[in-house]
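Asker: Right, I'll just put the structure down here and ask away after.
Values quoted throughout were computed directly from the atomic coordinates according to the rules given, and no laboratory measurement underlies them. Quick caveat: nothing in here was measured; it's all calculated off a predicted structure. With ideal geometry, Cβ positions are generated from the backbone for all residues, glycine too; neighbour counts draw on all protein chains shown.
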Amino acid sequence: MRRPIEYRYIIDVFTPETLPMARLAEYMGLLAGMLGEPEYVHFDRLEPGSAVLVTRVDVIAATKVNQRIRGLSDRTAAEDVRRAYRKLDDLLERDNATARLEFEGAEIIAFPGRTRPKTLRYGPFDQDGVLDGVLVRIGGRDKTAYAHLQDGNRNYPCRLNRDLARQLARHLYTTMRVNGRGRWAREANGAWTLERFHIRGFEVLDERPLMEVVSELRKVSGNGWRGLDDPYAELTRLHRAAD
């Protein structure tokens, strides 16, 4: 009978005595996510010297685990594998560490951690603009009121004066567009983060279904929509042109 295979994940800055239990659990969870096959992948032991997490993989899953790891080298890895790898490397960077994954004494995957090139954070910048979203909160006890817009999973923190807040409060849980001046920063990962936004004005957006709006537009003579064979394709073209 073939024996289970072992992978060794070696973190350079820790020893079994200095690696906190909570941090060990984080590394183990992410490593398990990267290797996959949870029913057949087991934590075996923590070896002395550097912190060496030894993982045992049952023979039945050895090929699939190997394919997941090999995909990181030839860039064919699935998104969940790449995501787990990135999170492991981010954790190493926070711990000022590097790591490597070994199989039979040979390094198969490197984790640069603290040595990877640093990407700068840009900003913050102040810029006029607009935000779309649902008004989910409004209030405040001082002269400045506060509002929160929600657009899917994104939340926008906003400020505004009390007079405007009273007008806005009538439209709680309504989709709207606010205009004003925002303070933005570009994070190291390329994402833009809104630190704050000062609202100067707003408009309530039409929440009716697109088909209903287009149908009404086509009833108006002389506006060009009545002559279009496919008004939805035209809307898509205009949207792409605006982007």
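Asker: Using the Cα centre of the stretch 1-159 as the reference point, and only Cβ charges (+1 on K/R, -1 on D/E), how large is the resulting charge dipole? Debye, rounded to the nearest 20.
Answerer: Using only the charged Cβ atoms, the result is roughly 280 debye.
Asker: For Gly140, list long-range residues whose amide hydrogen, built 1.01 Å from N in the peptide plane, is under 5 Å from its own amide hydrogen.
Answerer: Tyr146
Asker: How big is the Cα convex hull of the stretch 71-171 in projection, averaged over all directions, in nm²?
Answerer: 11.0 nm²
Asker: Please give, to one decimal in nm, the separation of the simple spin-label points placed at Thr18 and Arg82, each 7 Å out from Cα toward the Cβ.
Answerer: Taking the two extended label points, one gets 3.4 nm.
Asker: Show me the trypsin sites (Lys or Arg not before Pro) within the stretch 92-145 that DSSP assigns to loop and that have at most 15 other Cβ atoms within 10 Å of their Cβ.
Answerer: Qualifying residues, ordered by number: Lys118, Arg121, Arg141, Lys143.
Asker: Sticking with this structure for a sec: Principal axes first, then extents: for the Cα atoms of the stretch 122-204, list largest minus smallest coordinate on each axis, whole Å, largest first.
Answerer: 38, 26, 20
Asker: For the stretch 191-198, just list the computed ³J(HN,Hα) in residue order, Karplus coefficients 6.51, -1.76 and 1.60, θ = phi - 60°, integers in Hz, with x standing in for Gly and Pro.
Answerer: 3J(HN,Hα) across the stretch 191-198, in whole Hz: 7, 9, 10, 8, 7, 6, 9, 9.
Asker: Here is a follow-up. Grab the other residues whose beta carbon is less than 11 angstrom from that of Arg8, score K and R as +1, D and E as -1, and report the net.
Answerer: Around Arg8, the charge tally is -3.
Asker: What nm value, rounded to one decimal, do you get for the distance between Leu205 and Asp44 when each label is placed 7 Å out toward the C-beta?
Answerer: Calculated label separation equals 5.4 nm.
Asker: While we're here: 7 Å from Cα along Cα→Cβ at both Thr115 and Arg177: what's the point-to-point distance in nm?
Answerer: 5.1 nm
Asker: Report the percentage of all Cα-Cα pairs in the stretch 3-155 whose separation exceeds 18 Å, rounded to a whole percent.
Answerer: Tail of P(r) above 18 Å: 66 percent of Cα pairs.
Asker: Let me ask something else. Arrange the peptides 10-19, 175-184, 124-133 so that the one whose residues have, on average, the most other Cβ atoms within 10 Å appears first.
Answerer: Result, highest mean Cβ count within 10 Å first: 175-184, 10-19, 124-133.
Asker: A further question follows. What's the long-distance tail for the stretch 39-123, i.e. % of Cα pairs beyond 15 Å?
Answerer: Roughly 68 percent, rounded to a whole number.
Asker: Given q = 0.30 Å⁻¹, what are the Debye log10 I(q)/I(0) values for the stretch 99-141, with equal point scatterers placed on the Cα positions and solvent ignored?
Answerer: Here log10 of I(q) over I(0) equals -1.06.
Asker: Related question: Place +1 on the Cβ of every Lys and Arg and -1 on the Cβ of every Asp and Glu in the stretch 62-193, take the dipole about the Cα centre, and give the residue among Ile138, Ser73, Leu91 whose Cα lies farthest towards its positive end.
Answerer: Ile138
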